[in-house]
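Data first, discussion second: the structure below is written as structure tokens.
The values are calculated or read from the model by the stated rules, or taken from the named source; none is laboratory data. Because the structure is predicted, anything quoted here is derived from the model rather than measured. Here the Cβ positions follow ideal geometry from the backbone for every residue, glycine too, while neighbour counts run over all protein chains shown.
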Amino acid sequence: MNSYWTNSVEKHKYGKLEEDIKAQVCIIGGGLTGLTTAYYLSKEGVEVTIVEKSEICSHTSGNTTAKITSQHGIFYKYLIDSVGEEQAKQYLKANEKAIKNIEKIIEEENIECDLEHQDAYVYTQSNQELKKIQDEIKALHSLGFNSEYVEKIEAPIQILGAIKFKNQAQFNPIKYAKGLAEAITKRGGKIYENSKVIDVKSQDGRYKIITENGNVIQSKYVVLATHYPIINMPGFYFMKMYQSTSYVIAVDPKEDIFSGMYINSETPTLSLRTTKNGLVLFGGMDHKTGAKIDLQDSYINLEQTARRIYPNLEVKYRWNTEDCISLDKIPYIGEFSNLMPNVYVGTGYKKWGMTTSNVAANIITSKILGKKNRYEDVFRATRLKPIKNYEELGNMLKEVGNSLILNKLKNPHEYLKDLGEDEGKILEIENEKIGAYKDKTGKIYLIKPVCTHLGCELSWNNLDKTWDCPCHGSRFTYDGISIYDPSIKDLEVEILYTKEV
Ligand SMILES: Cc1cc2nc3c(=O)[nH]c(=O)nc-3n(C[C@H](O)[C@H](O)[C@H](O)COP(=O)(O)OP(=O)(O)OC[C@H]3O[C@@H](n4cnc5c(N)ncnc54)[C@H](O)[C@@H]3O)c2cc1C
């Protein structure tokens, strides 16, 4: 499951941290948030170190659809209603500025990353949604933003209406990340790959960042750019954020491609864009990560949708990834917690992290340099505002409650002998819940289906063959390796052979 982006670039490899070091700023996580923050800080002469658990830009940022836009679906009416016009304006301007900032970095650093200017559209094919589109246009106009209502688009889809944001952009995120990394190291910044951070300890006004193999980075400032924060308390992000998975296929349409970037306003979501070499990306099939649903057909359904538009298409790549969504739908950027001074965070980008990671990098850089950033208020990570998204809050608390208590009492009463090849399940064995996966050779991998993050019960993902957490979105391979934050620790695994069972 490699994204088109991953396959299009030969990445530079950075070494593992194998000694204790000191840094002015330690950035944990080498996605676009970590890299962009390191870039701006290194330009200011700050000595930065990035520690990345796998390879830079290999996680969400390397599996995105990489539309660079301030059009975050239908969002601004909601934003005005929940935080008022002033803060909604701040959000919009910050993201518009981010587009310009990204273009400036690309130009100044001469980064070849397939940047293309494109208009962005959010469209509907449903009568009920049309009112939402019209209300959104009104909201955008009240913010002084010049968006346009259109009834025709270039993509080969029949629509009822759409909102057009002019002059947005798209690129190849891994090529961009590679350019950022080169610009950082050129200015003396250090990047370590395959160096998982397992703890951050405060000591005498500094922090000790401890990696899996026991090395320590001492630093005054820490940036948690791990996508989902790896520190649970303080911060309590696990109470205010969840993760959502989406699927992408890159197809050769065997026809001319269109210009523009598109997303519908209804569900299921359908997102479209093209690449410079003539592929069309279809994204969608979103679901809450860890949801107890059958995922087997996720790519097939997406392909069927694509085939209705391009009957002769050829699927070239398919992949999926997840992003964090805060309960009030506004990203968390800035001070991580009032109880951890000099620790900063950027998360909760709700699948619009190309611009938002740039916004985060600017705000965090300003904070570390002791400056005020004009866009910081709306994103404040330590905000204590009532959450108006009651529906999701209820769902989340229910999931946590179910996973921690109720589901431990309800059991499916199944046995290992019934486990088919390439099948995973939660079984009850001697009053204990066990997660079991049998591979094609008959090897059975047993795990305790309890997330190492906060103890929620894991569910089986029958598409990717992973154990996924419905509470906060951590994911583990069938043999227990932690692949998605916020979990840090792997699951313990026991391996059995069918004939011994
Ligand atoms: C399918 C999909 C499509 C999307 N499309 C778009 C789009 O078109 N436009 C848009 O604006 N946004 C889009 N997004 C959202 C965007 O991709 C993300 O918001 C953004 O990439 C997040 O960047 P990040 O740097 O915060 O996280 P990441 O890229 O996930 O980076 C975090 C890094 O931290 C590392 N890490 C984690 N834990 C540790 C640890 N313990 N120690 C060391 N390192 C650690 C990880 O390995 C990772 O490399 C999409 C998201 C999805 C799911």
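The strands (runs of 3 or more DSSP E) located wholly in region 421-466 that include 3 or more residues which are of a type in the set (A, V, I, L, M, F, W, C) occupy 423-429, 443-447.
Among the residues of region 41-51, write down those that are in contact with a Leu (Cβ under 9 Å, 6 or more places away or on another chain), more than 6 Å from the ligand (Cβ to nearest atom) and either in a strand (DSSP E or B) or not hydrophobic (A, V, I, L, M, F, W, C) (or both). Within region 41-51, Glu44, Glu47, Val48, Thr49, Ile50 qualify. Candidates Thr65, Thr6: the one that is within 22 Å of Asp323 (Cα to Cα), in contact with a Ser or Thr (Cβ under 7 Å, 6 or more places away or on another chain) and of a type in the set (Ser, Thr, Tyr) is Thr65.
Looking across Ser54, Ser70, one residue alone is in contact with a Leu (Cβ under 7 Å, 6 or more places away or on another chain), within 12 Å of the ligand (Cβ to nearest atom) and either among the charged types (D, E, K, R) or in contact (Cβ under 8 Å) with a residue 24 or more places away in the chain (or both). It is Ser70.
For (1) in a loop (DSSP other than H, G, I, E, B); (2) within 14 Å of the ligand (Cβ to nearest atom); (3) in contact with a strand residue (DSSP E or B) (Cβ under 8 Å, 6 or more places away or on another chain), each residue gets a yes or a no:
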position	(1), (2), (3)
Lys16	yes, yes, yes
Lys22	no, no, yes
Leu35	no, yes, yes
Ala38	no, yes, yes
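Starting from region 448-463, take each residue that is touching a residue at least 24 places away in the same chain (Cβ under 8 Å) and list its partners that are part of a loop (DSSP other than H, G, I, E, B) and of a type in the set (A, V, I, L, M), counting only C-beta distances under 6 angstrom and pairs at least six apart or across chains. Listed by first residue and then by second, the contacts come to Cys451/Leu458; Asn461/Leu295; Asn462/Leu295; Leu463/Leu295. Can Lys152 be described as of a type in the set (Lys, Arg), surrounded by fewer than 14 Cβ atoms within 10 Å (Cβ to Cβ), on the phi < 0 side of the Ramachandran plot and part of a loop (DSSP other than H, G, I, E, B)? Here the answer is yes, as Lys152 does meet what is asked. The lone criterion from (1) under 23 Å from His12 (Cα atoms); (2) buried (at least 19 other Cβ atoms within 10 Å of the Cβ) left unmet by Tyr123 is number (1). Scan region 316-333 for residues that are more than 16 Å from the ligand (Cβ to nearest atom) and under 22 Å from Asn277 (Cβ atoms) and the total you get is 1. Contact map, region 330-343: first residue assigned by TED's automatic domain parsing to the domain that holds Ser357, second residue among the hydroxyl-bearing types (Ser, Thr, Tyr) and assigned to a loop (DSSP other than H, G, I, E, B), Cβ cut-off under 6 Å, separation 6 or more or different chains; pairs are Pro331/Tyr349; Glu335/Thr382; Asn338/Thr382. Among the candidates Cys57, Cys26, the residue that is assigned by TED's automatic domain parsing to the domain that holds Val359, crowded, with 24+ Cβ neighbours inside 10 Å and within 21 Å of Thr275 (Cβ to Cβ) is uniquely Cys57. Residues in region 178-195 that are surrounded by fewer than 19 Cβ atoms within 10 Å (Cβ to Cβ) and either more than 10 Å from Ile50 (Cβ to Cβ) or within 14 Å of the ligand (Cβ to nearest atom) (or both): 5 in all.
Among residues of region 215-227 that are over 14 Å from Tyr192 (Cα atoms), those with a Cβ under 9 angstrom from a residue that is among the acidic types (Asp, Glu) and away from the ligand (no atom under 12 Å from the Cβ), sequence gap 6+ or separate chain, pair up as Gln218/Asp20.
For region 196-207, the set of residues classified as closer than 17 Å to Glu18 by Cα and either surrounded by fewer than 16 Cβ atoms within 10 Å (Cβ to Cβ) or among the aromatic types (Phe, Trp, Tyr) (or both) consists of Ile198, Asp199, listed by residue number.
Pull up region 208-241, narrow it to residues that are crowded, with 22+ Cβ neighbours inside 10 Å and assigned to a strand (DSSP E or B), then point me to the one that is modelled with the lowest pLDDT. Among those that are crowded, with 22+ Cβ neighbours inside 10 Å and assigned to a strand (DSSP E or B), it is Met241. Working only within region 182-213, note down all residues that are of a type in the set (Lys, Arg) and within 23 Å of the chain's Cα centre (by Cα). Selection gives Lys196 alone. Determine which single condition Met233 fails, assuming it passes every other condition in (1) under 26 Å from Gln128 (Cβ atoms); (2) without any contact (Cβ under 8 Å) to a residue 40 or more places away in the chain. Evaluating Met233 over (1) under 26 Å from Gln128 (Cβ atoms); (2) without any contact (Cβ under 8 Å) to a residue 40 or more places away in the chain leaves (1) as the failure.
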